[in-house]
């Protein structure tokens, strides 16, 4: 029974079936199964498959968004069953993400935000055209682990450096891991400006965030 | 045609949606419904299809899409919507041969058809890529003017630094850099012997409307092309509408820029093709353009030379050129960079596809236009020669060329070589390519000639 419910949660995500996910999540609650196990073995596993399919462009952005919506629909049912302590235990970390000042490109950044969320991060998406000061204020407010900045233009990527410089000048550089991404950026650029990580694709960004988090917690 | 004032009125009063709902409840379902209704199907075996009926179905789907989803104004959260009658009227009254440039370089931009012998307009440069400083900016622009005889207009690069200071968007440095861009570009074209050549991408350094308008005061002309962009998919904001208001009041030419994303809200190549047609209508109706500049682009690889993007470019270009007299360019981005075989194969494939399918060309961005100083006049020169060499060629012959070229590079797209920097393969004093690049160019040109491309020199 238990395995069947996890399988149903998994399939519901992969098949983008909202009703099925709600049925399976309700079933899990009725059977008093561990919701964390359902998330890990069903929903998250399904999101991994969805992420892989998107990476291979077997599915496109609308399907990815739909999968995230379905994931959240299941979480609305499972969430109340999880105690605050358990939630904290499974939360991977907190990310503040946005596209830097002057830049209005945000499709790629939104995909990263979504994948981070379904990977277990608490994500605060600040949108586009975000000044360095706003990144910093929000990171302080939510006690972020990671600040993630996207830039699609050669004239706006300098704002990634700007934030890192401000963190250094204010003596706060060690409080946050900083990762960057966007078409004109690169690992070399990340090294040049002193960022901790660079994600070339949305999937990379999730792996980088996980690595940075484990690094931060082991410091 | 619906006036610009009425466009603004509709941006302020049209149907209200959140951006998310516009994406997922308006745009995506209607696009998918129309792809199915008009039986539009991607054929990877034929990246340049020869199916007139399919092209016309893509056009009809694009018109129906635009009549349903319009253009979303992100500042007001409202849809600027048009009836099918207004769209048809706009297609009848849209510009067909705007004249760009001054003096000897003044010339009409003519709409073309698939397989047309009408020479394509060659809009050449770096596709907005960044150059590290002002000295190289002048040097490369002078070389574009003097080294590319088939150039009809120029794109200026983005200036990364001025007076040794890195330009940051949104600061006064952006405005100063835009002013220098206009001043230096005009001077460079004069030095290159073609002072009348139109600059057709406004000012690549400009991110804000303020910077573009301020910079333009220092050298842009109404006869230039004032490139103004949209946001994916089918969205516009007040900054861009502000620029349009300015250019129209100046009597200038808006070159309306669009970029449907393969893998994004459009989905696959079929959705990209239909959306590209809808964008064409947006360029006439909302942006009041003199021409459309479009580049369907691959979400993952950031280039336009994949097989699926090629198909979307070809069929949408055929759809547009068979059914509209409003001229348009296809802008190409290669994955590989200067002085690599792959870059030259990619550009030949992309340009062949565009020209045979009825478009004029902008070439273009090499190394995805993201690496600083990674471009030379050699790539746009070869692009212009290929463009003239395939004008009049049949789609079936072009299809064979495209397929052959794709097999040479498509597997390498994920790890494409970045190539060399400008100074590493170009003599900045003689304004000529280095010997190694010259030899590579000749070798590839011989290969392309064997495939049937008829070079004039």
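The values are calculated or read from the model by the stated rules, or taken from the named source; none is laboratory data. Since the model is a prediction, treat every value here as computed from it, not as a measurement. Every residue, glycine as well, gets a Cβ built from its backbone with ideal geometry; the counts of neighbours run over all protein chains shown.
Please verify whether region B:62-79 includes one or more residues that are within 30 Å of residue B:453 (Cα to Cα) and surrounded by fewer than 17 Cβ atoms within 10 Å (Cβ to Cβ). Taking every residue of region B:62-79 in turn, none turns out to be within 30 Å of residue B:453 (Cα to Cα) and surrounded by fewer than 17 Cβ atoms within 10 Å (Cβ to Cβ). The residue of region B:148-170 that is nearest to residue B:378 (Cα to Cα), among those that are assigned to a loop (DSSP other than H, G, I, E, B) and facing chain A (nearest Cβ under 9 Å), is B:160.
In this structure, residue A:42 does satisfy being in a helix (DSSP H, G or I) and buried (at least 24 other Cβ atoms within 10 Å of the Cβ).
Just one of the numbered conditions (1) at pLDDT 95 or above; (2) surrounded by fewer than 22 Cβ atoms within 10 Å (Cβ to Cβ) is not true of residue B:215: (2).
Scanning region B:218-235 for residues that are in a loop (DSSP other than H, G, I, E, B), within 14 Å of chain A (Cβ to nearest Cβ) and crowded, with 24+ Cβ neighbours inside 10 Å returns B:233, B:234. Any residue at all in region A:146-156 that's modelled with pLDDT of 95 or more, under 17 Å from residue A:211 (Cβ atoms) and not in a strand (DSSP E or B)? There is no residue in region A:146-156 that is modelled with pLDDT of 95 or more, under 17 Å from residue A:211 (Cβ atoms) and not in a strand (DSSP E or B).
For residue B:176, are the conditions met, namely being surrounded by 19 or more Cβ atoms within 10 Å (Cβ to Cβ) and within 24 Å of the chain's Cα centre (by Cα)?
Values: surrounded by 19 or more Cβ atoms within 10 Å (Cβ to Cβ): yes; within 24 Å of the chain's Cα centre (by Cα): no.
Considered against the rule, which asks whether it is surrounded by 19 or more Cβ atoms within 10 Å (Cβ to Cβ) and within 24 Å of the chain's Cα centre (by Cα), residue B:176 comes out as no.
Among (1) buried (at least 24 other Cβ atoms within 10 Å of the Cβ); (2) in contact with a strand residue (DSSP E or B) (Cβ under 6 Å, 6 or more places away or on another chain); (3) within 13 Å of chain A (Cβ to nearest Cβ), where does residue B:266 come up short? Of everything listed in (1) buried (at least 24 other Cβ atoms within 10 Å of the Cβ); (2) in contact with a strand residue (DSSP E or B) (Cβ under 6 Å, 6 or more places away or on another chain); (3) within 13 Å of chain A (Cβ to nearest Cβ), residue B:266 misses just condition (2).
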